[in-house]
Amino acid sequence: MFKDLPLGINVAVFLAAGVVVWVAGTRVAHLATFAAILAIAVTALFIAGLLERRHVMILRMGGDSLLVLATYAAGLTVLYTLR
């Protein structure tokens, strides 16, 4: 059903469901919702890094990999404070 819709609508539906769970949910629902959003953000950064292939190296890593590590570390910090 949703696979035939454009990507923007699928993302909007997911974010709307996430907001509903966040507002009406418990602490466990908050943790799971944020973890899912973090996973989507990290995956999107990896895909963007694959599509935009520059050879800029920072600390012997690509800039996209460094951004993924920073996002993941920040996300783990937020998850730790939500627990």
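The values are calculated or read from the model by the stated rules, or taken from the named source; none is laboratory data. All values derive from a computational prediction rather than experimental measurement. Every residue, glycine among them, receives a Cβ derived from its backbone with ideal geometry; neighbour counts consider all protein chains shown. The area values use the complete protein model at the heavy-atom level, side chains included, leaving out ligands, DNA and RNA. Shrake-Rupley method; radii C 1.70, N 1.55, O 1.52, S 1.80 Å.
Can you pull the Kirkwood radius for the chain, inverse mean 1/r over Cα pairs, to one decimal in Å? Each step should come with its number before you reach the end.
Working: mean 1/r = 0.0687 Å⁻¹.
Computed over the chain, the radius equals 14.6 Å.
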Mean accessible area per residue over the chain (1.4 angstrom probe, all protein chains present, square angstrom) is 78
In the chain the accessible area split gives carbon plus sulfur, as whole percent at 1.4 Å, a share of 75
Over the chain, the sum of -39500 (n - 2.57) across DSSP H runs of at least four, divided by residue number and rounded to 500 deg cm²/dmol, gives at 222 nm -26500 deg cm²/dmol
By the DSSP-based rule, helices of the chain that are at least 30 Å long along the axis (C-alpha) and have a mean Kyte score of at least 0.5 are 27-51
Residue 79 and residue 59 label points (each 7 Å along its Cα→Cβ direction) are spaced in nm at 1.9
